[in-house]
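One structure is given below, encoded as structure tokens.
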Amino acid sequence: MTANPWYREPWPWLLMSGPAIVVVAGIITTVLAVTSFDGMVADDYYKQGLDVNRVLAREARAKALGVTAVLQFGEDRRRVRVMLGAGEPAASLRLTLSHPTLAGEDQVLSLAASAPGIYEGEMRAPRHARLRVRLEDMEGRWQIGGAWITAEPGLRLEAH
């Protein structure tokens with residue numbers, strides 16, 4: 001009886017299949033890692049870390065002033081109205097809407113005063129998500145924040 005050549009036996013192929021699968025999986029993982037960007041890491045993380053004390057000081061000032069605000073979003077989520085309840089009046093306000101994981105969904109809006117204590121502006125309709133909201137005066141003296149679930153028509157912000 002003659003022996004079959006090695007490539008006709010099942011055992012060498014079975015033993016080589018494990019390492020071959022690992023090599024293919026490694027190549028696929030490398031391609032995915034290089035071609036996709038998840039947006040989780042900020043480019044200026046060091047600067048953001050240095051700004052923490054300034055943010056805390058502005059939040060403390062908002063608390064001392066008793067700043068409150070009610071935000072109302074249009075049905076199509078393309079307009080926002082802010083009614084400033086207490087605090088220093090400002091010519092305009094800055095509203096920042098931040099998505100928790102997708103930096104491309106973040107928006108920074110300038111809101112102009114349409115009446116005393118009422119500010120309005122246009123925005124891109126956000127995805128359905130829970131967004132971090134920050135409201136501040138343009139001079140950077142105070143800021144308040146909270147979270148908004150985009151299915152809700154509005155929210156109330158106050159200094160904590």
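The values are calculated or read from the model by the stated rules, or taken from the named source; none is laboratory data. Since the structure is predicted, the reported quantities are computational estimates derived from the model, not experimental observations. Note that each Cβ is placed from the backbone with ideal geometry, even for glycine, and that neighbours are counted across all protein chains shown. Heavy atoms of the whole protein, side chains included, go into the accessibility calculation; ligands, DNA and RNA do not. Shrake-Rupley method; radii C 1.70, N 1.55, O 1.52, S 1.80 Å.
Cβ separations smaller than 8 Å between residues 6+ apart or across chains give the following pairs from region 100-119 residues that are touching a residue at least 40 places away in the same chain (Cβ under 8 Å) and over 11 Å from R81 (Cα atoms) to residues that are open to solvent by less than 60 Å² (accessible area, probe 1.4 Å) and outside any strand (DSSP E or B): T101/G39; L102/G39; A103/G39; A103/A42; G104/G39.
Screening G117 on (1) open to solvent by less than 30 Å² (accessible area, probe 1.4 Å); (2) at negative phi shows it passes everything except condition (2).
Does L32 satisfy the condition of being modelled with pLDDT of 90 or more, open to solvent by 80 Å² or more (accessible area, probe 1.4 Å), in a helix (DSSP H, G or I) and farther than 29 Å from A125 by Cα? Can you show your working first?
On the way: modelled with pLDDT of 90 or more: yes; open to solvent by 80 Å² or more (accessible area, probe 1.4 Å): yes; in a helix (DSSP H, G or I): yes; farther than 29 Å from A125 by Cα: yes.
So L32 passes the test.
Output the residues belonging to region 115-136 that are outside any loop (DSSP other than H, G, I, E, B) and at pLDDT 90 or above. Step through it out loud before you land on a result.
In the first step, residues of region 115-136 are kept if they are outside any loop (DSSP other than H, G, I, E, B); the result is 115, 118-122, 130-136.
If the condition is that a residue be outside any loop (DSSP other than H, G, I, E, B) and at pLDDT 90 or above, then I118, Y119, E120, G121, E122, R130, L131, R132, V133, R134, L135, E136 are the ones that fit.
The C-beta contact set for region 1-21 (first residue surrounded by 10 or more Cβ atoms within 10 Å (Cβ to Cβ), second residue in a helix (DSSP H, G or I), distance under 9 angstrom, 6+ apart or interchain) comprises P12/W6; W13/Y7.
Going by what's in this entry, would L56 be described as part of a strand (DSSP E or B) and either within 30 Å of S36 (Cα to Cα) or not basic (K, R) (or both)? Spell out the reasoning first.
On the way: part of a strand (DSSP E or B): no; either within 30 Å of S36 (Cα to Cα) or not basic (K, R) (or both): yes.
For L56, the condition - part of a strand (DSSP E or B) and either within 30 Å of S36 (Cα to Cα) or not basic (K, R) (or both) - is not met.
Which condition breaks for V41 when tested against (1) at pLDDT 90 or above; (2) outside any strand (DSSP E or B); (3) of a type in the set (V, I, T)? For V41, the exception is condition (1).
Filtered by the rule that a residue be open to solvent by less than 30 Å² (accessible area, probe 1.4 Å) and of a type in the set (A, V, I, L, M), region 66-114 gives V67, A69, L71, V80, V82, L84, A90, L93, L95, L97, L109, L111.
Out of E136, E120, which single residue is under 29 Å from D43 (Cα atoms) and touching a Lys or Arg at 6+ places or on another chain (Cβ under 6 Å)? Step through it out loud before you land on a result.
Working: E120 fails: under 29 Å from D43 (Cα atoms).
Within the list E136, E120, the selection yields E136.
Among the residues of region 131-151, is any over 15 Å from the mean Cα position of the chain (by Cα), without any contact (Cβ under 8 Å) to a residue 60 or more places away in the chain, surrounded by fewer than 17 Cβ atoms within 10 Å (Cβ to Cβ) and more than 29 Å from N53 (Cβ to Cβ)? Scanning region 131-151, I find at least one residue that is over 15 Å from the mean Cα position of the chain (by Cα), without any contact (Cβ under 8 Å) to a residue 60 or more places away in the chain, surrounded by fewer than 17 Cβ atoms within 10 Å (Cβ to Cβ) and more than 29 Å from N53 (Cβ to Cβ), so the answer is yes.
If you check A20, A3, which single one turns out to be more than 26 Å from the chain's Cα centre (by Cα) and assigned to a loop (DSSP other than H, G, I, E, B)? Let's see the steps before the verdict.
Numbers: A20 fails: assigned to a loop (DSSP other than H, G, I, E, B).
Among A20, A3, only A3 is more than 26 Å from the chain's Cα centre (by Cα) and assigned to a loop (DSSP other than H, G, I, E, B).
Taking the conditions (1) closer than 26 Å to L56 by Cβ; (2) out of contact with any strand residue (DSSP E or B) (no Cβ under 7 Å at 6 or more places or on another chain); (3) not hydroxyl-bearing (S, T, Y); (4) not in a loop (DSSP other than H, G, I, E, B) in turn, G104 satisfies each one other than (1).
Residues in region 47-91 that are at pLDDT below 85 and among the polar types (S, T, N, Q): Q48, N53.
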